[in-house]
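Reading through the structure tokens given below for one structure.
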Amino acid sequence: MRRWLLIASGLLLIVLSVIVWQESHRIKPIALIPSLTGQVEYCLTCHSNLAQISSSHPVQTFGCVICHGGERLALTADLAHSTLRGGANPSDYSVVQTSCGGANCHSGPASSYSDHIQRATTSIQETYAGAIASMLYTFGAEPDLNARFATSAVQAPGSTSGITSLSLFAPAPSSNPAILAFASNCLNCHISGQPLPGAKYFHFTGCAACHTPTQIVPGTNQTLPPTGQIHKLTTAISYTQCDTCHNRGNYDLRTMTFQARQDQPTDRLHDYYQPIAQFTSCEYQLDCIDCHTRVEAMGDGSLYRQETDIQYIQCKTCHGTLADLPQTKTMTDPNDLAFRLAQLNPVVDLKLGDTILVTSKEEPLWNTRLLSDGTYELFDKAAGAQYTIPLVKGSGCQQDPSRQDSASCHLCHSVRR
Amino acid sequence: MSSGVSRRDFLKLARNAILTVCGLLGLGGILRFLAAQTEPAPQTDFDLGLETRYAPGSRTVFPQIPAILIRTPDGFLALSLVCTHLGCTVASQPDGLTCPCHGSRFDWNGKVTHGPAVQPLSRLRVDITSDGGIHVHIA
């Protein structure tokens, strides 16, 4: 009896010692109570070294869980990550509404400029509607070039383009082999598509496809983290990010395969979009987003067949014509969208009373400003460089006054490549 | 055993020692359990010192609240610095209060002068004690 008592007490000591050892090695959680949720989160226990994702999303206000999901009180990686939304990327369009949506966030009304999700998920860059329509028409599957299909089924009841819905593009196995090959090989570059293999093509999906920089910008000290974790959102989108889709080759319609660029461009002029295209100096010196505005890039909430249906920026938008100065607007409303955009990417200190350029649809080019000498300045949205915008009016331009479209400007101003 | 301690006594001594250690460990665990403290309730009352510390027209930011105490000709005004848009901490600028997150701006009365916020900053209750001490309450 005494022997068993001794053995039992020994076992008890071992058990208690194990408990004490485990307690002494237990992870000390780092608690965060974001002001927006008021609920404690332990994510920083492991992720305290992550950079703040953007000045608009401070971790003290948002925390992690409101965007990423996950188990906020878990102290093991597997459990904490078991309910993450979109894996490491909560902006993927499959979960974006839950992660980024909300009336005060990114799925609010257009009147408060917070309809980002509605615009982006109906934009050409996501639907790929024009490419799909062209391919289906080319191979006889559709009678015309009208857009009927997209990379996912999408509705836009308020669409003003005449297209209010698109069906999911999912060709039947018995379809033309070219159509099947297109579906298999050629949908990598819409926003929800998985990028092609290779570092130069790498981008995330969803909002992060554009807003999370995965490419090193030449001439900067930017480096990518060795972990592959890029915790950053920005509206200062460099052309290098656009290049992950728009500059790495072409799709061969005969074989329905991607043909990668074979050249190795070493300067900015050649490291810019399609090798066959012609550019004026500002088109390759600036960044894509300096001309292609938020509406052109992210859509306006309507469904379109192709990019040219919504792309409307012309050279004359900034440079005017022989007869007219460019369209401008003087900032009198402190709630103007231009101030919101300038606040997010403060390359220019926009003030009430400033006069800025606007597009023909009165979309503000908030990174421009009329100077006291009558000239205009433009700040590159990604690099912050300042440029003076030359005006056509009063210049030596000899173009036919009736031909002031961009194509006509290119006849004289394209740079030889 | 040759040392004079019998095997029985040795085992008894070992058993008692083990049980004593187990008892102490168990007691330590119980004391730790009893001594465990829950998260303290957030502070709602802040002593900001004597009113003589604040010159007329002064604007003093208290990041720990966070709030700004403004001495006006009529007395003291305390504004919460929690932005009414999404809860970021508003910063004091020469021309008013600005939210660094989304650009909302407020005047010195807390009124919105620039969206996206639509609600004014919260006014906090200010009590002045009989000896001139200023207390700000956030609840």
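Residues that are under 24 Å from A:GLY299 (Cβ atoms) and within 12 Å of chain B (Cβ to nearest Cβ) within region A:334-365 comprise A:ASN335, A:ASP336, A:LEU337, A:ALA338, A:PHE339, A:ARG340, A:LEU341, A:ALA342, A:GLN343, A:LEU344, A:ASN345, listed in sequence order.
Scanning region A:157-207 for residues that are under 30 Å from A:THR223 (Cβ atoms), of a type in the set (A, V, I, L, M) and touching a helix residue (DSSP H, G or I) at 6+ places or on another chain (Cβ under 8 Å) yields a single hit, A:ILE191.
Give the residues of region A:46-73 that are hydroxyl-bearing (Ser, Thr, Tyr) and at pLDDT 95 or above, sorted by residue number.
none
Counting only strands (runs of 3 or more DSSP E) that sit completely within region A:349-417, those holding 2 or more residues that are open to solvent by 80 Å² or more (accessible area, probe 1.4 Å) correspond to A:386-389. Candidates are the residues of region A:325-346 that are within 17 Å of A:THR359 (Cβ to Cβ) and either among the acidic types (Asp, Glu) or part of a loop (DSSP other than H, G, I, E, B) (or both); the one that is most open to solvent (accessible area, probe 1.4 Å) is A:LEU325. When region A:158-183 is limited to residues that are in a helix (DSSP H, G or I) and without any contact (Cβ under 8 Å) to a residue 40 or more places away in the chain, the one that is least open to solvent (accessible area, probe 1.4 Å) turns out to be A:ALA183.
Scan region A:251-271 for residues that are open to solvent by 70 Å² or more (accessible area, probe 1.4 Å) and part of a strand (DSSP E or B) and the total you get is 1. For region B:95-102, state whether one or more residues are open to solvent by 20 Å² or more (accessible area, probe 1.4 Å), at pLDDT below 95 and over 30 Å from A:ASP115 (Cβ atoms). Within region B:95-102, one or more residues are open to solvent by 20 Å² or more (accessible area, probe 1.4 Å), at pLDDT below 95 and over 30 Å from A:ASP115 (Cβ atoms).
Tell me, please, whether a residue that is assigned to a helix (DSSP H, G or I), more than 30 Å from B:VAL112 (Cα to Cα), within 13 Å of chain A (Cβ to nearest Cβ) and open to solvent by 60 Å² or more (accessible area, probe 1.4 Å) can be found in region B:33-43. Checked region B:33-43: at least one residue is assigned to a helix (DSSP H, G or I), more than 30 Å from B:VAL112 (Cα to Cα), within 13 Å of chain A (Cβ to nearest Cβ) and open to solvent by 60 Å² or more (accessible area, probe 1.4 Å).
Among residues that are open to solvent by less than 30 Å² (accessible area, probe 1.4 Å), of a type in the set (A, V, I, L, M), in contact with a strand residue (DSSP E or B) (Cβ under 9 Å, 6 or more places away or on another chain) and in contact (Cβ under 8 Å) with a residue 12 or more places away in the chain, A:ALA209 is not included.
Before we move on, is B:PRO120 at pLDDT below 90 and either closer than 27 Å to A:LEU341 by Cβ or surrounded by 14 or more Cβ atoms within 10 Å (Cβ to Cβ) (or both)? No; evaluated as a whole, the condition is false for this residue. Within region B:68-108, count every residue that is within 14 Å of chain A (Cβ to nearest Cβ) and among the small types (Gly, Ala, Ser). Residues that pass the stated criteria total 6. Each residue in region A:66-94 was checked for being away from chain B (no Cβ under 14 Å), of a type in the set (A, V, I, L, M, F, W, C) and open to solvent by 30 Å² or more (accessible area, probe 1.4 Å), and 5 of them qualify. Based on this model, can you work out whether A:ALA131 counts as within 30 Å of A:PHE182 (Cα to Cα), surrounded by fewer than 20 Cβ atoms within 10 Å (Cβ to Cβ) and away from chain B (no Cβ under 14 Å)? For A:ALA131, the condition - within 30 Å of A:PHE182 (Cα to Cα), surrounded by fewer than 20 Cβ atoms within 10 Å (Cβ to Cβ) and away from chain B (no Cβ under 14 Å) - is not met. All conditions in (1) within 12 Å of chain A (Cβ to nearest Cβ); (2) touching a helix residue (DSSP H, G or I) at 6+ places or on another chain (Cβ under 9 Å) hold for B:GLY133, with the sole exception of (1). When the criteria are applied in full, B:SER58 meets the requirement of being touching a residue at least 12 places away in the same chain (Cβ under 8 Å), closer than 30 Å to B:PHE106 by Cα and exposed (fewer than 14 other Cβ atoms within 10 Å of the Cβ).
Could you list, in sequence order, the residues of region A:101-120 that are under 18 Å from the mean Cα position of the chain (by Cα), away from every other protein chain (no Cβ under 11 Å) and open to solvent by 30 Å² or more (accessible area, probe 1.4 Å)? Passing the criteria: A:HIS106, A:SER107, A:HIS116, A:GLN118.
The values are calculated or read from the model by the stated rules, or taken from the named source; none is laboratory data. Predicted model, so just to flag it, every value in this text is computed and none were measured. Glycine also receives a Cβ, built like all others from the backbone with ideal geometry; neighbour counts cover every protein chain displayed. Ligands, DNA and RNA are stripped out before the accessible areas are found, and what is left, the full protein with its side chains, is counted by its heavy atoms. Shrake-Rupley method; radii C 1.70, N 1.55, O 1.52, S 1.80 Å.
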